[in-house]
Amino acid sequence: MQPKVSIIVPVYNSEKYIERCINSLRNQTLKDIEIILINDSSTDSTPELCRKADEEDDRIILINQENAGAGMARNTGLIVAEGEYIGFVDSDDYVEEDMFEKLYEKAKEYDSDLVLSGVRFVDGNMFSEKGKTEIKTYFDRDTHFETEEELKKLKMGIVGSMPEDADDSKYGMSIWKNLFRHEVITENNLLFRSEREVYSEDALFMVDFISHIKKATGIKEAFYNYCRNGESVSKSYNKERFEKSLVFVSEVEKRFKINAEPEEYKIYINRFWQAMCRVLCSQEIVHGKDEKIKFCKVKKRLKEICTHSLTVSALKEFPIDKLPLKQRVFAMAIKYRLYFIMKILVGLRNR
């Protein structure tokens, strides 16, 4: 019998967190699920912990594969998944016990191909204070996207947002807070790109998925607990992130060009890029401080980011003055290459 939801979990060296993650899935109020663990050649005790869980719960499917990264691990999960809908969870995060019941109920109630929800940032987000939980919701009521224009705006709002919006992504870029109709994925042969090639491979998957659906629904609740963990790929310093982010922008623009004009989508891409530059510069500064790298060397990397042609054009075209205050100040520092000001701003944010 087909399970209602297949939950795909790429796993790599997660011995500190994997049991918490698996238990949050095993304890779901929606019992008719399958939990697909993809062990991506972990070198710690993760495989043993996954094997133990597999033996204890017949809803768990454990697959071991050669190390290929989270995107490729998700693709492996999609090959074996049998659920009516698909969910994705990262192994160092966990979910509220009613997450998949609520998402599935909304999908069935509205016959939606995609259900989007909010996120709970546990222990802060990338640069915020430790010890705090911040709940982020993207909708104040059940919101539907059905027309071609609405779905086009949803795609663009995954990548970026308008200048006056508080957040850099209007609807959130990540896959793990959402539920996807499996049939859409299989019928259109949708797959993840490797995060070794492109930044935010999950956002790219989201854009591709939305391009093939008839209806999406956003709900106001937040069920997914995103945990700050410096050891994970998405939450730690990566010196190649700048280059991979450029690839992401190129790939997104190719997709947006299909049914939108540059004057429609450019502002969303520019919002994404100024935000990405803020993250990149902040991480370079934090990494330099942690590794005791002289600031003159850090400045070389900051200059590479701030003087890139995409950065120059994005900040020239984007109405920075309409951004929320903190974002506006950092964007001005990037635009005018005020590297010491950036250092001060990052220091204040990380106190």
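Data for the structure
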item: Filter result for GLY83 (at pLDDT 95 or above, touching an Asp or Glu at 6+ places or on another chain (Cβ under 9 Å) and among the small types (Gly, Ala, Ser)); result: yes
item: Leading residue by the ranking (modelled with the lowest pLDDT) among those in the stretch 1-40 that are part of a loop (DSSP other than H, G, I, E, B) and out of contact with any helix residue (DSSP H, G or I) (no Cβ under 8 Å at 6 or more places or on another chain); result: MET1
item: Those residues of the stretch 191-214 which are buried (at least 18 other Cβ atoms within 10 Å of the Cβ), in a loop (DSSP other than H, G, I, E, B) and more than 15 Å from the chain's Cα centre (by Cα), in sequence order; result: ILE213
item: GLU48 vs. criteria in the same structural domain as GLU201 (by TED's automatic domain parsing) and within 23 Å of ASP113 (Cβ to Cβ); result: no
item: Residue among ILE267, ILE258 that is surrounded by fewer than 21 Cβ atoms within 10 Å (Cβ to Cβ), farther than 25 Å from ILE344 by Cα, of a type in the set (A, V, I, L, M, F, W, C) and in contact with a Pro (Cβ under 9 Å, 6 or more places away or on another chain); result: ILE267
item: Filter result for VAL279 (modelled with pLDDT of 95 or more, part of a helix (DSSP H, G or I) and more than 16 Å from PRO163 (Cβ to Cβ)); result: no
item: Tabulated pairs, the stretch 276-293, first under 13 Å from GLN327 (Cβ atoms), second assigned to a helix (DSSP H, G or I) and of a type in the set (Ser, Thr, Tyr), C-beta under 7 angstrom, 6+ apart or interchain; result: MET276/SER245; CYS277/THR311
item: Only listed residue being more than 15 Å from ASP168 (Cβ to Cβ) and among the small types (Gly, Ala, Ser), chosen from ALA275, ALA222; result: ALA222
item: Odd one out for LYS170, checked against (1) closer than 23 Å to ARG349 by Cβ; (2) basic (Lys, Arg); (3) loosely packed, with under 15 Cβ neighbours inside 10 Å; result: (3)
item: Qualifying residues in the stretch 60-74 (those that are under 13 Å from ILE36 (Cβ atoms) and surrounded by 20 or more Cβ atoms within 10 Å (Cβ to Cβ)) - the one farthest from the chain's Cα centre (by Cα); result: ILE60
item: Search result, residues across the stretch 41-61 that are of a type in the set (Gly, Ala, Ser) and touching a helix residue (DSSP H, G or I) at 6+ places or on another chain (Cβ under 7 Å); result: ALA53
item: Number of the condition not met by LYS130 [criteria: (1) more than 19 Å from the chain's Cα centre (by Cα); (2) at pLDDT 95 or above]; result: (2)
item: Residue count for the stretch 308-338, restricted to those that are β-branched (Val, Ile, Thr) and out of contact with any helix residue (DSSP H, G or I) (no Cβ under 6 Å at 6 or more places or on another chain); result: 2
item: Pairs where the first residue, in the stretch 174-188, is free of Cβ contacts under 8 Å to residues at least 60 places away in the same chain and the second is assigned to a strand (DSSP E or B) and buried (at least 20 other Cβ atoms within 10 Å of the Cβ), C-beta under 7 Å, 6+ apart; result: none
item: Pairs where the first residue, in the stretch 40-54, is within 9 Å of GLU15 (Cβ to Cβ) and in contact (Cβ under 8 Å) with a residue 12 or more places away in the chain and the second is of a type in the set (Lys, Arg) and assigned to a loop (DSSP other than H, G, I, E, B), C-beta under 9 Å, 6+ apart; result: ASP44/LYS16
item: Set LEU204, LEU191: member being within 16 Å of THR76 (Cα to Cα), out of contact with any strand residue (DSSP E or B) (no Cβ under 9 Å at 6 or more places or on another chain), modelled with pLDDT of 95 or more and of a type in the set (A, V, I, L, M); result: LEU191
item: Qualifying residue in the stretch 259-275 (condition: assigned by TED's automatic domain parsing to the domain that holds GLN327, farther than 21 Å from MET206 by Cβ, among the basic types (Lys, Arg) and out of contact with any Ser or Thr (no Cβ under 6 Å at 6 or more places or on another chain)); result: no
item: Options TYR110, TYR94: the member that is surrounded by fewer than 22 Cβ atoms within 10 Å (Cβ to Cβ) and touching a strand residue (DSSP E or B) at 6+ places or on another chain (Cβ under 6 Å); result: TYR110
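The values are calculated or read from the model by the stated rules, or taken from the named source; none is laboratory data. As the structure is a computational prediction, the values presented were derived from the model and not from experiment. Because the Cβ atoms are built from the backbone with ideal geometry, glycine has one as well, and the counts that use them run over all protein chains shown.
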